[in-house]
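The values are calculated or read from the model by the stated rules, or taken from the named source; none is laboratory data. Because the structure is a prediction, the values reported are computed rather than measured. A quick note on method: Cβ atoms are made from the backbone with ideal geometry, for glycine too, and the neighbour counts reach across all protein chains shown.
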Amino acid sequence: MPAVGGLDAPLLYWDLRSMNDRHDNAKDAGRRFMPGLLLVLALVVAGCGSRGDSLSSTEQARREADPQAVAFLLNAQQAYEAGFYPDALMLADSAAHHAPALADVPFLRGRILTAMRQYEPARAAYEAVLKLDPDYPGVYLNLGNSAYLRGEPREALALYRKERGAAETAAYLTQLGRAYADLGEADSARSAFERALAADSTNPTAYLWFGQLYEDAGDFDEALRYSRKGLALSPNNLNYTYVVGVQLLRNGDLAGAEAMLRKAAEGMPGHYAAHYNLGQALNGLGRADEGARILARADTLLGHQKEITRWENLLATNSHEPMLWVNYGTALRAAGRLGEAVEALTIAHALKPEWMELQNNIANLLLERGDTTAALQRYEVLLRTDPTQPDVWLNLGTVYALAGNYDAARSAWETALQYDPEHAEAKRYLSQLPRSARTP
Amino acid sequence: MHLSSFSSVALVAVVMIGCGGASPPATPPLPPLLAFSDVAQRAGLGDFRHENGGEGRFWFPEQMGAGGGFVDYDGDGWEDVVLVGGGRLSPTGPGAVAALRLFRNDRDGLFTEVTNEVGLAAVRAYGTGLAAADYDNDGDQDLYLTALGENLLFRNDPDSLGSGARIFVEVGQQAGVAGPAAAWGSSALFFDADRDGWLDLYVAGYAAWSLATDIDCFRTGGEADYCPPATYGSDASYFYRNNGDGTFTEQTARAGLAGSPGKSLAVAEWDFNEDGWPDFVVVNDGEPDLLYLNDGDGTFTEQGVKSGIALGEHGEARAGMGVDIGVVDTTGRPSIFVGNFSSEMIGVYRQERGGWFVDRAAASRIGQPSLSTLAFGVLLFDADLDTDLDLYVANGHVYLDPLDGAAYRQPPHLFINAGDGTFTDTADSIGGVFQQPMVARAVAAADYDRDGDVDLLVTENDGPVHLLRNDSRGGGVLRVRLEGRAGNRDALGAHVTALTATARQTRHLRTGSGYLSQSEKVLTFGLDAAPQVDTLLVRWPNGDMERYTGLPAGHEVHLVEGEGLVTRTALPVNRAVAHVAR
C-alpha cells in the first residue's frame, strides 16, 4: 500500500512519534505525581499497563531498584525527550550500572537508538530487554516499527504478531493494519483498523489509514468518509487535509480537491505533493495557467525532494555517518522542512557529540521554525559548555529580542562584543534595539 | 477453438428440446469461460531458455531481459515466434547463445526452429527487446533487436536462390540505427512520426551501465545484491527518421526528444489529441514518465507532468516497466496502463476532456491487487471476446529476496474488464498456468493457431518461454488485417473502430507497447453474441477514411488501403483455407 499522502517517510516518523507522544503524556503526569513516580515511569517507558495480578520479573526488578538508578533513568528519559540523545544514552548507562536487572533501561536505550535511526544497535538493546524479561510489553511493537520504517512490512508483521503487552492499543492495531495493507492482505488490514477504532474511536490516524485502505480498493465514498472523520478529529492537521484533497481529486471532485489542496499547499509551502496535486486539480478545472504556475513551484520542490532522497538512500546503509545526516538536514532545510531538518542535525550531533557547531545549528533551526523555548535551551547548553562563543551569545540575544526581552538581548549582545569587540552583527543588532533598551 | 455464446446457447436448447425424458446423448462439454494452456513444450518451444549472463556478481542488466514476440516473418498469415536469447556480460560468460531465435509456425499448432536457416544462428549480442516492422516497405517484416551495446537491424530478404525462403541480413550500422557501442537499448517503437509513408524509429535507452562502471551493492545485512536503478545514470533514447532509402537519420534533439528524464523501459503510441499525428508515451524506471505530443512539424512537445501521467498519486516518480494503451470503457477515451514496481500500483491513466489524465488505478480495481507484484509486461487484449479489453500482467521481481515482502517468482494477473473500466483479477480462479509463479518479463499477443481468439507468449528472465493457448469459450470475433498503400505498408498508425448493435470498439495499429515485446499486427474485435460488425471504420495513417459494413463474425478480413476488402477467411483457419487466402 502506498503511504497515505503526506504520511510518507517524514509523516510516518511523525506517526510513530505520535504514538510515543501518547506514552510521553502519560509519563508527564507521572512526574507530577511523585508518589507513583517509579511505577508510572515504568508504565510510560513500556507504553503499557500492568499484566495482571502476578508480578513480572520487570515489576519485581522495579520494586527492588536502587533509587539512584531510578533517578538516572528519569533524567535519561528527560534528555531523550529534549533530543539530547548522547546525554540520554550516558544517563541510561549509569542507570544500568545501578540496576543491571531492570529491563526498563535497555528498553529506553532501544528507543533512543531508534530515534537516532541506529536500527541495529536498537535491535541489540531490545534483545537485551527480552533476555531480562521475555514478556516486556512494547518490545516487539517497537522492533516491528523499525522494520516497517526500513521498508520491510513482512518482517514488521512477524514482529508485531509476537507483541502481547501492547497488542490491543489503537496505535499497535493501526500499525498492524498498515503492515497487512502493505502486504496486500486487505481483509486482515480491515480487521486491524476496525479493532483499532474499537479500542479508540478518537484516533485520527486509524481513520486516515482505514480511509487509505478503502481508497486503494477503489471505494472512494468510504475512503472519504473515514478520512473526513480523521480530519474532523484533528482539523488543523495539514497532512490529513492533503489526504482528503487527494481523495477528492481521484474521485473527480476537482473543486473540492482544489480547496483542500490549496489549504495544504499554503500551510506547507515545502510540501511537493500538495503542490503537485493542486496543479493537477487546477489543470483538471481548465485553469491551465494557474496550474502551470503551481506545477512550476512543485517542480522546484521536486528538485529539493530528489536531493533529500539522495541522502536518504545513502543513509539507508550508512546511518552511522554524521556528515550524511548534516547533508540530509541541509537538504531538508532547503526544502523548508525545518522540523525534519532539526531531527537530522540532532542525530548528527548524537553521533558526534563533540561537534559543538551542530548544537548551534540545531538551535538556529529551532529558532527559524519559531520554537524559541527549545532554541533557548540549546544556546544555554552551548554556553554552559563554552561561554566564550560570541556567535552563540548573538543568537541567544536574538531569541530574547524576539520574545520582547530587550534587556536580556542587550546583555547577551554586549557579552558577544566582550568576546569579540569587532563583531559587526552584534553591534548592528544593538543599534537596532529600542532606545530604552539600549541605554539602561 | 471457441464457440460463440450465441451458438452455444442454441446448441444447448436443441439438446434439451429434442431429448425429452430419454437419456441425453453424450455431448462435448463446453469449454470454460476462461482457460489458457501452456503449450510451449509440445508446440516446439520447450528447449528455449533465456540466458541472462549472470555469474553470481549481481550485474545490473541480468534481471531486465528479455523480450520476444510474434512476427509473421514469411508472410504466410501464420504468426511465427521470435525470442531474444540473451548472452554474456563478460568474457567468461556463456559464449554460444544466439542473440535471436526464430521458430516458424507450421500451421498445425507446432513450431520449427529456423534460426540457422534464416541466417540468425551466428549473431551474438546481449539482446534486450524486439520490434518488427516493414521499415523498407518491401512487403515483409524486418526485425530490430535492442541490446546492451549496439542495436541490430535485420532486413528481411528473399534468399539468393529464389526458393521463397527468407534470410535476415544485419544492416544496423549501414542503416544508421545501431546507436552507440556503449549504450543500452530497451523497447523500440516503429511509427510514422512525420506521416511520409516511411516508418521512423524511437529506441528507448535504459541505464548507463558497463562492466567497467559496475558498482557493488549490498543489502542492509551486508549480503551482495542488485543495485537499485538510481545507482546508475540514464542512457539516452534515440529517434531515427526514415530517409526512405533504407537508411535513417538520427534526429533526437531536432525532434525535441532529447533532454527529458530517462531510464526508459517501454514506449507506446496513440493519437491522444486525435489530430492524425502519432503521439507516444515513454515509461521510465524511477523517473517521471513522458507524454510526447506530436506537433506535426517534425517536433514533439513533452507534456507528461502537465497532463498528469508522469507521476504517482503523490507526485512520486515510480519504477515504470511496461506500458499499453487502449479504450477500456464506454467513454471512448484512451487509458494508459503502466506496470510498476512492487508496492506501487499499476498506473491507470484515463484521458479526460481537455487532454488531462486522471489516475484510475484504485477506481479500476487494478491498483490494490497489483501492489504485491512487480509488473513488467502489460498487455490489453480481449481475453474472452466479450467486446472489451482485458489486461494481462507479466509479473516477476528483480530482487531474489525483496524487502517489501513480495516474492521473486510471481504469478501473473489477468484482469477481466466488466465493460465499464473496472476489472477483476481472475488469474487465481482460472488456476493452472495463471497460478504458476514466474520471473516473467515480456508478454506478446497473437492468434497463432488462427482459431479466432488471442493467445499469449510470455518470456521469463533466465528461464523458459510460455505459449499460453487461449482455450476460453469466448464470443464471436472479427479479425482485421490491414495493408497500407499510400502510407506505410504495415498501416501502423491506422485507427479502427468497430460498431455492433451493442458495442463500439477502437483499436490503434502499432508496434511498441508491452515490455520489450512485439505482438501481431492483426486487430482482434471480440463480438460476444453479435452476429456481425455492422460498421467498420478505418482511418488510415494518412487520414483517409474507409467504411465497411456487414462484416460477419467468425472471420478474418484483409483490407488494403484504397482497394477494400481483399480476402475474407473463415475462422478457425485450416491449412487449405489459409493457402487459398494467400
Could you pull out every one of the strands (runs of 3 or more DSSP E) wholly within region B:440-528 that has 2 or more residues that are under 12 Å from the mean Cα position of the chain (by Cα)?
-> B:440-446, B:455-460
Assess whether A:LEU338 counts as being surrounded by 15 or more Cβ atoms within 10 Å (Cβ to Cβ) and either within 11 Å of another protein chain (Cβ to nearest Cβ) or closer than 26 Å to B:SER307 by Cβ (or both).
-> no
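Consider region B:39-92. How many of its residues are surrounded by fewer than 18 Cβ atoms within 10 Å (Cβ to Cβ) and either assigned to a loop (DSSP other than H, G, I, E, B) or touching a Lys or Arg at 6+ places or on another chain (Cβ under 7 Å) (or both)? Step through it out loud before you land on a result.
Of the residues in region B:39-92, the ones surrounded by fewer than 18 Cβ atoms within 10 Å (Cβ to Cβ) are B:41-42, B:46-47, B:49, B:55-57, B:75-76, B:90-92.
Filter once more, so that each one left must be either assigned to a loop (DSSP other than H, G, I, E, B) or touching a Lys or Arg at 6+ places or on another chain (Cβ under 7 Å) (or both): B:46-47, B:49, B:55-57, B:75-76, B:90-92.
The total comes to 11.
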Give me a count of the residues in region B:310-338 that are surrounded by 21 or more Cβ atoms within 10 Å (Cβ to Cβ) and basic (Lys, Arg).
-> 1
Scan region A:389-420 for residues that are without any contact (Cβ under 8 Å) to a residue 24 or more places away in the chain and either within 18 Å of A:MET356 (Cα to Cα) or among the basic types (Lys, Arg) (or both) and jot them down.
-> A:LEU396
For region A:213-231, enumerate the residues that are at pLDDT 95 or above and touching a Ser or Thr at 6+ places or on another chain (Cβ under 8 Å).
-> A:GLY230, A:LEU231
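Taking the stated definitions as given, is A:ALA281 touching a helix residue (DSSP H, G or I) at 6+ places or on another chain (Cβ under 8 Å), within 12 Å of chain B (Cβ to nearest Cβ), in contact (Cβ under 8 Å) with a residue 60 or more places away in the chain and crowded, with 22+ Cβ neighbours inside 10 Å? Write out each step before concluding.
Values: touching a helix residue (DSSP H, G or I) at 6+ places or on another chain (Cβ under 8 Å): yes; within 12 Å of chain B (Cβ to nearest Cβ): yes; in contact (Cβ under 8 Å) with a residue 60 or more places away in the chain: no; crowded, with 22+ Cβ neighbours inside 10 Å: yes.
In short, no.
So is B:ASP279 surrounded by fewer than 24 Cβ atoms within 10 Å (Cβ to Cβ) and in contact with a Phe, Trp or Tyr (Cβ under 7 Å, 6 or more places away or on another chain) or not? Break it down stepwise before answering.
Values: surrounded by fewer than 24 Cβ atoms within 10 Å (Cβ to Cβ): yes; in contact with a Phe, Trp or Tyr (Cβ under 7 Å, 6 or more places away or on another chain): yes.
Judged against the criteria, B:ASP279 is a match.
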Counted residues, region B:213-231 - those being touching a Ser or Thr at 6+ places or on another chain (Cβ under 7 Å) and either over 15 Å from A:ASN318 (Cα atoms) or among the polar types (S, T, N, Q) (or both) | 2
Is it fair to say A:LEU295 is of a type in the set (A, V, I, L, M) and within 14 Å of chain B (Cβ to nearest Cβ)?
-> yes
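Where residues in region A:142-168 are assigned to a helix (DSSP H, G or I) and within 16 Å of B:SER343 (Cα to Cα), which of them is nearest to the other protein chains (Cβ to nearest Cβ)? Outline the logic, then answer.
Start the filter on region A:142-168 by keeping residues that are assigned to a helix (DSSP H, G or I), which leaves A:142-149, A:153-160.
Still in the list and also within 16 Å of B:SER343 (Cα to Cα): A:147-149, A:153-157.
On the way: A:ALA147: 9, A:TYR148: 11, A:LEU149: 12, A:PRO153: 5, A:ARG154: 3, A:GLU155: 8, A:ALA156: 9, A:LEU157: 8 Å.
Among residues in region A:142-168 that are assigned to a helix (DSSP H, G or I) and within 16 Å of B:SER343 (Cα to Cα), the one nearest to the other protein chains (Cβ to nearest Cβ) is A:ARG154.
To keep it simple, each residue is scored yes or no on (1) touching a Lys or Arg at 6+ places or on another chain (Cβ under 6 Å); (2) surrounded by fewer than 23 Cβ atoms within 10 Å (Cβ to Cβ); (3) not small (Gly, Ala, Ser).
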| residue | (1), (2), (3) |
| --- | --- |
| B:ARG485 | no, yes, yes |
| B:LEU492 | yes, no, yes |
| B:ALA501 | no, yes, no |
| B:ARG504 | no, yes, yes |
| B:ARG507 | no, yes, yes |
| B:GLY512 | no, no, no |
| B:GLN518 | no, no, yes |
| B:GLY526 | no, no, no |
| B:ASP534 | no, yes, yes |
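If only one of B:ASP425, B:ASP401 is of a type outside the set (S, T, N, Q) and surrounded by fewer than 16 Cβ atoms within 10 Å (Cβ to Cβ), which one is it?
Details: B:ASP425 fails: surrounded by fewer than 16 Cβ atoms within 10 Å (Cβ to Cβ).
None of the other options fit; the residue is B:ASP401.
Counting residues that are farther than 18 Å from B:GLY354 by Cα and out of contact with any helix residue (DSSP H, G or I) (no Cβ under 8 Å at 6 or more places or on another chain), which strands (runs of 3 or more DSSP E) fully inside region B:244-324 reach at least 2?
Values: elements: B:248-250, B:264-270, B:279-284, B:290-294, B:300-302.
Ranges flagged: B:248-250, B:264-270, B:279-284.
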List the pairs whose first member sits in region A:244-264 and is away from every other protein chain (no Cβ under 12 Å), whose second member is hydroxyl-bearing (Ser, Thr, Tyr), and whose Cβ atoms are under 7 Å apart, counting only residues at least 6 apart or on separate chains?
-> A:VAL244/A:SER227; A:MET260/A:THR241; A:LYS263/A:THR241
Only one of B:ASP420, B:ASP453 is touching a residue at least 40 places away in the same chain (Cβ under 8 Å), more than 25 Å from B:ALA266 (Cα to Cα) and surrounded by 20 or more Cβ atoms within 10 Å (Cβ to Cβ), namely B:ASP453
What pairs come up if the first residue lies in region B:167-180 and is under 10 Å from B:ASN151 (Cβ atoms), the second is assigned to a helix (DSSP H, G or I) and not acidic (Asp, Glu), and their beta carbons are under 9 Å apart, counting only those six or more places apart or on different chains?
-> B:ALA178/B:GLY172; B:GLY179/B:GLY172
Within region B:339-369, how many residues are surrounded by 24 or more Cβ atoms within 10 Å (Cβ to Cβ), facing chain A (nearest Cβ under 9 Å) and among the polar types (S, T, N, Q)?
-> 2
Within region A:341-377, the residues that are without any contact (Cβ under 8 Å) to a residue 60 or more places away in the chain and not in a helix (DSSP H, G or I) are A:LYS352, A:GLU354, A:TRP355, A:ARG369, A:GLY370, A:ASP371
Name the residues in region A:178-225 that are among the acidic types (Asp, Glu) and either in contact with a Leu (Cβ under 8 Å, 6 or more places away or on another chain) or within 14 Å of another protein chain (Cβ to nearest Cβ) (or both), would you?
-> A:ASP182, A:GLU185, A:ASP187, A:GLU215, A:ASP216, A:ASP219, A:ASP221, A:GLU222
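Is at least one residue of region B:383-400 out of contact with any helix residue (DSSP H, G or I) (no Cβ under 6 Å at 6 or more places or on another chain) and at pLDDT below 95?
Looking only at region B:383-400, we keep the residues that are out of contact with any helix residue (DSSP H, G or I) (no Cβ under 6 Å at 6 or more places or on another chain), and these are B:383-397, B:399-400.
Now narrow it down to the ones that are at pLDDT below 95: B:399-400.
The answer is yes; a qualifying residue exists.
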